[in-house]
Amino acid sequence: MSDQKLKVDSEVHFAKRIDPNKEDLTRDEFYFIRQVELAQWKKKSQQLKGRNIATGLGIGAIVMGIYAYTFYSVKQEKIMDELDEEAKVALMRGSKRGAN
């Protein structure tokens, strides 16, 4: 008797791929297939949503870091201050050039 059960179990094909266009399926079978596909899609979309959020936060952190570093480095530049001081000194000395 157990031999018969093994024989039957070995002939059963689970999760067999079918082509809905070639197979003659009933309306209920199409509905069931659609429900299974939707359940799989929902499960996968939840995983993708988490990954997308993590990726977005990572990219946002990198962008904000570059932005902050740019402001920090520009704030420390003294080149323009030095040029302004030189221009003030030149105006005070009264050096005139060109049309002045």
| request: Pick out, from Leu57, Leu38, Leu25, the residue whose Cα sits farthest towards the positive end of the charge dipole of the stretch 19-64, with +1 on the Cβ of Lys and Arg and -1 on the Cβ of Asp and Glu. | output: Leu57
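Exceeding 24 Å between C-alpha atoms, which entries from my cross-link table qualify? They are Lys16/Lys49; Lys16/Lys42; Lys16/Lys44. Intermediate results must be reported in sequence, preceding the final value.
On the way: Lys16/Lys49 29 Å; Lys16/Lys42 22 Å; Lys16/Lys44 21 Å.
The answer is Lys16/Lys49.
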| Intensity falloff of the stretch 24-93 expressed as log10 I(q)/I(0), Debye formula with alpha-carbon point scatterers, at q = 0.24 Å⁻¹ | -0.99
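Rounded to the nearest 0.05, what FRET efficiency do Gln47 and Thr26 have when you use their Cβ-Cβ distance and R0 = 35 Å? List each step's numbers first, then the result.
On the way: r = 32 Å, r/R0 = 0.92.
Here the calculated transfer efficiency is 0.60.
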| note | Taking R0 as 30 Å and r as the Cβ-Cβ distance between Gln35 and Val63, the FRET efficiency 1/(1 + (r/R0)^6), rounded to the nearest 0.05, comes to 0.15
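Each reported figure results from applying straightforward, stated rules to the coordinates on display, with no laboratory input. Source: prediction; values computed, not measured. All Cβ positions, glycine included, derive from the backbone under ideal geometry; neighbour counts span all protein chains shown.
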